[in-house]
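All remarks here apply to the structure that follows.
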Amino acid sequence: MLEFKGIDAGYGAGTVLRGIDLVVPTGSVVALLGPNGAGKTTLLKVGSALLAPQAGSILLDGEDVTGEPADALVKRGVCHVPEGRGIFRSLTVRENLRVFAGGDDSAAFDRAVEAFPRLGERMNQLAGTMSGGEQQMLALARASVRPPQVVLLDEVSMGLAPRIVDDIFVFLERLARQGCSLLLVEQYVDKALSIADYVYILSRGAVQFAGDPDELDAADVFAKYLGIDVGGHAA
């Protein structure tokens with residue numbers, strides 16, 4: 001279980017998040033929604049120790065891990081898949097997987113290929129020369145090479161074809177069935193709600209809603225919290 005308690009965070013002298021309380025229970029999927037600039041990416045960075053909080057604490061299975069470095073959280077089972085692929089474009093697919101796995105690990109490579117068979121056909125290809133969908137598969141494969149406890153996912157479907165998005169959500173559902181906890185920032189609100197056990201909505205750096213997905217539908221989220229109607233127009 002991953003917990004954020006009273007988190008304030010930002011950049012330099014600026015504060016983006018204020019008093020965030022959020023829980024990702026063990027084996028659950030939590031959708032983190034909100035408009036652009038709400039602080040979603042900032043919270044994921046705090047959760048993976050890429051950004052130190054200004055106040056508050058982070059707990060993993062009840063243990064305070066605030067201030068631990070990012071690599072220590074990786075060893076504890078925290079996996080962060082950032083927005084914008086998060087791969088090493090100048091390395092081959094195999095070399096990327098080796099970095100994710102922390103060294104040569106044939107079992108880890110097998111798990112990645114089982115999750116995304118296309119990667120098996122691209123092992124010696126430079127990651128930056130693959131299609132956007134293939135690059136995102138590689139980015140997500142880090143959640144396979146080291147079976148994680150918690151996965152933080154930041155807009156992993158952005159800019160991808162619908163068919164690839166469907167494949168990605170199949171993978172996310174598989175992770176959830178395997179007992180991983182997922183904290184999911186996602187532009188496809190309806191897809192996020194369809195697999196979520198809990199939903200948090202951020203706006204202006206604060207939690208505006210916390211509850212079950214059956215308390216919301218995509219139209220509610222768009223109209224009330226994202227400021228647009230279901231036709232995509234400003235509300």
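The values are calculated or read from the model by the stated rules, or taken from the named source; none is laboratory data. Small disclaimer: the values here were computed from a predicted structure and weren't measured. Note that each Cβ is placed from the backbone with ideal geometry, even for glycine, and that neighbours are counted across all protein chains shown. We work out accessible area using only protein heavy atoms, side chains counted, and drop any ligands, DNA or RNA first. Shrake-Rupley method; radii C 1.70, N 1.55, O 1.52, S 1.80 Å.
Brief remarks on what is shown
- Count of residues meeting criterion [over 16 Å from the mean Cα position of the chain (by Cα) and either at pLDDT 95 or above or crowded, with 18+ Cβ neighbours inside 10 Å (or both)] in the range 12-52: 8
- Scanning the range 135-146 turns up no residue that is without any contact (Cβ under 8 Å) to a residue 60 or more places away in the chain, surrounded by fewer than 13 Cβ atoms within 10 Å (Cβ to Cβ), under 18 Å from Glu83 (Cβ atoms) and not β-branched (Val, Ile, Thr).
- Residue within the range 157-170 that is within 23 Å of Leu73 (Cα to Cα) and open to solvent by 10 Å² or more (accessible area, probe 1.4 Å) present: no
- Residues of the range 67-105 satisfying the condition of being surrounded by fewer than 16 Cβ atoms within 10 Å (Cβ to Cβ) and either of a type in the set (Ser, Thr, Tyr) or in contact with an Asp or Glu (Cβ under 6 Å, 6 or more places away or on another chain) (or both): Glu83, Ser90
- Restricting the range 1-54 to residues that are of a type in the set (Gly, Ala, Ser) and in a strand (DSSP E or B), the residue that is farthest from Asp190 (Cα to Cα) is Gly14.
- Conditions (1) under 29 Å from Leu60 (Cβ atoms); (2) modelled with pLDDT of 90 or more; (3) of a type in the set (Gly, Ala, Ser); number of the one not met by Gly120: (1)
- Among the residues of the range 106-130, those identified as over 23 Å from the mean Cα position of the chain (by Cα), surrounded by 13 or more Cβ atoms within 10 Å (Cβ to Cβ) and of a type in the set (A, V, I, L, M, F, W, C) are Met123, Leu126.
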